[in-house]
């Protein structure tokens, strides 16, 4: 058995873990980063390809929160975490959410001004900017449809560098992780942490299993003075629960349930990226945007509509299809539960009747927008949902979004270990320190107190920077 000793152990290398590790290492601390997934050199795989999904996604992309209806979701499982597979869209937390959450969860120093300061520091590292030229056709669909309807829309900034001409996404593998290793941090990839080792009110290390390059696994024990759990909103609560830490851990899970439309346009679209425009007319409760639209994604979207008769013909014309979505801020919530003897946690989510109503409204509004933008056919992610070709046909969708027929997904998962001084609602204090343990902190998406209604990457990284700065200031 291998034993590793370190001062600071960071579990997870995604948005929260990479920021945490870089700041700790650059402050002069001995840092070890443990990542369950493999190390894949950035840029060696085609974005959104089947190869990337098989290699970088947990369960090869096939995960779901159980419920009525279930909600499919995706998690990154590689060095860099979900930043290696997402779209890189960037949106700071709206000020009114910071104010609301500060009051509701009694979070210290959680003003919009304080968060914006940390967001700005992260943005400089990630080269956050807008597209330097005209938007691609798939994104222009959203902008054009919104303009014709008189709805508000915005081009989101992205974590991309454009100084070499072609945009390069600034993942953790290209930014904060190289900074961490340059400052002396060590990354241990292909290493799954099974349990935290506890002595009284301290965590003294972890028990883990590392995959050998030649195959098979070996046990690893990592001893540490301080432990930062940054595995994301599903894996972090599961690890804490497996380690006997359960108070307000895994409850309050929040998703942005998302319903989709595969839209046929009268011209070919680009399929190599995700639309950077969003329709904000109905924000924050409802957002409309674009998804990845490779041939396989179009095939899946058409299959989800359940209209088998015309799917073959439609798929043959896949280059003229784009996939668009309506995502809601859900009133419902879910749970993450680590079950003894089961490798993966059980995730559940309960949508309210209000959520189902929002999804229906979102689908109809999305249909209006796409038709206004010139779409000729709309295939909803509703089993046996009517294929719509004109605005007056949208009325058919009002009764079709039922729990039994609707296919939902999400890529935004938060709030399973909330932070704040309201101990009846939270699993950590205002800076991610787990209640009752001196040297254990959480610093990832699970701390975000509620669904933000936007891509949460900026919020996660800003909070991680804030919490790490507070830890270092107390050293």
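The values are calculated or read from the model by the stated rules, or taken from the named source; none is laboratory data. Just so we're clear, the structure is a prediction, and the values are computed from it rather than from any experiment. All Cβ positions, even for glycine, are placed from backbone atoms using ideal geometry, and neighbour counts span all protein chains on display.
Give the residue that is farthest from residue 197 (Cα to Cα), with candidates limited to residues of the range 263-274 that are in a loop (DSSP other than H, G, I, E, B) and touching a strand residue (DSSP E or B) at 6+ places or on another chain (Cβ under 7 Å).
The selected residue is 265.
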*asked:* Looking at 180, 119, 98, can you tell me which residue is modelled with pLDDT of 95 or more, within 24 Å of the chain's Cα centre (by Cα) and over 23 Å from residue 329 (Cβ atoms)?
replied: 180
*asked:* Considering only residues that are in a loop (DSSP other than H, G, I, E, B) and under 30 Å from residue 353 (Cα atoms), which ones fall in the range 34-67?
replied: 62, 67
*asked:* Against the definition (in the same structural domain as residue 463 (by TED's automatic domain parsing), surrounded by 18 or more Cβ atoms within 10 Å (Cβ to Cβ) and part of a helix (DSSP H, G or I)), how does residue 113 come out, yes or no?
replied: no
*Quick check, is residue 378 under 24 Å from residue 140 (Cα atoms), modelled with pLDDT of 95 or more, surrounded by 19 or more Cβ atoms within 10 Å (Cβ to Cβ) and touching a helix residue (DSSP H, G or I) at 6+ places or on another chain (Cβ under 7 Å)?*
yes
_Counted residues, the range 149-173 - those being over 18 Å from the mean Cα position of the chain (by Cα), more than 28 Å from residue 370 (Cα to Cα) and surrounded by 15 or more Cβ atoms within 10 Å (Cβ to Cβ)_ = 3
*From 112, 132, 69, 136, which residue is in contact (Cβ under 8 Å) with a residue 12 or more places away in the chain and in contact with a strand residue (DSSP E or B) (Cβ under 6 Å, 6 or more places away or on another chain)?*
69
*Do we have any residue at all in the range 253-262 that's surrounded by fewer than 23 Cβ atoms within 10 Å (Cβ to Cβ) and either out of contact with any helix residue (DSSP H, G or I) (no Cβ under 9 Å at 6 or more places or on another chain) or not in a strand (DSSP E or B) (or both)?*
no
*Sort out which residues of the range 286-302 are surrounded by fewer than 18 Cβ atoms within 10 Å (Cβ to Cβ), more than 19 Å from residue 385 (Cβ to Cβ) and touching a helix residue (DSSP H, G or I) at 6+ places or on another chain (Cβ under 8 Å), and write them in order of number.*
295, 296
*How about the range 79-89: which of its residues are at positive phi and either at pLDDT below 95 or outside any loop (DSSP other than H, G, I, E, B) (or both)?*
81, 88
*Can you pull out the residues in the range 424-449 that are in a loop (DSSP other than H, G, I, E, B) and closer than 18 Å to residue 15 by Cβ?*
431, 432, 443, 444, 448, 449
*Lone qualifier among 92, 103 - being at pLDDT 95 or above, farther than 19 Å from residue 460 by Cβ and either part of a helix (DSSP H, G or I) or not assigned by TED's automatic domain parsing to the domain that holds residue 404 (or both)*: 103
*asked:* For the range 389-413, give me each residue that is assigned to a loop (DSSP other than H, G, I, E, B), modelled with pLDDT of 95 or more and under 30 Å from residue 84 (Cβ atoms).
replied: 407
*Looking at the range 89-102, which of its residues are in contact with a strand residue (DSSP E or B) (Cβ under 7 Å, 6 or more places away or on another chain) and surrounded by fewer than 23 Cβ atoms within 10 Å (Cβ to Cβ)?*
89
*Look at residue 386 and say whether it is touching a residue at least 24 places away in the same chain (Cβ under 8 Å), in a loop (DSSP other than H, G, I, E, B) and farther than 22 Å from residue 336 by Cα.*
no
*Given (1) surrounded by fewer than 24 Cβ atoms within 10 Å (Cβ to Cβ); (2) out of contact with any helix residue (DSSP H, G or I) (no Cβ under 8 Å at 6 or more places or on another chain), where does residue 246 come up short, assuming only one miss?*
(2)
*Taking only the range 334-356 into account, find how many residues are at pLDDT 95 or above and either touching a helix residue (DSSP H, G or I) at 6+ places or on another chain (Cβ under 8 Å) or surrounded by 13 or more Cβ atoms within 10 Å (Cβ to Cβ) (or both).*
15
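Just to be sure, is residue 154 in a strand (DSSP E or B), touching a residue at least 24 places away in the same chain (Cβ under 8 Å) and not assigned by TED's automatic domain parsing to the domain that holds residue 429?
yes
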*Might you let me know whether the range 58-66 holds any residue that is in contact with a helix residue (DSSP H, G or I) (Cβ under 7 Å, 6 or more places away or on another chain), modelled with pLDDT under 90 and under 25 Å from residue 332 (Cα atoms)?*
yes
_Only one of 31, 54 is farther than 23 Å from residue 170 by Cβ and in contact with a helix residue (DSSP H, G or I) (Cβ under 7 Å, 6 or more places away or on another chain). Can you tell me which?_
54
*Taking the range 130-148 as the region of interest, how many residues are surrounded by 16 or more Cβ atoms within 10 Å (Cβ to Cβ) and in contact with a helix residue (DSSP H, G or I) (Cβ under 9 Å, 6 or more places away or on another chain)?*
7
*Take residue 240 and decide whether it is at pLDDT 95 or above and in the same structural domain as residue 195 (by TED's automatic domain parsing).*
yes
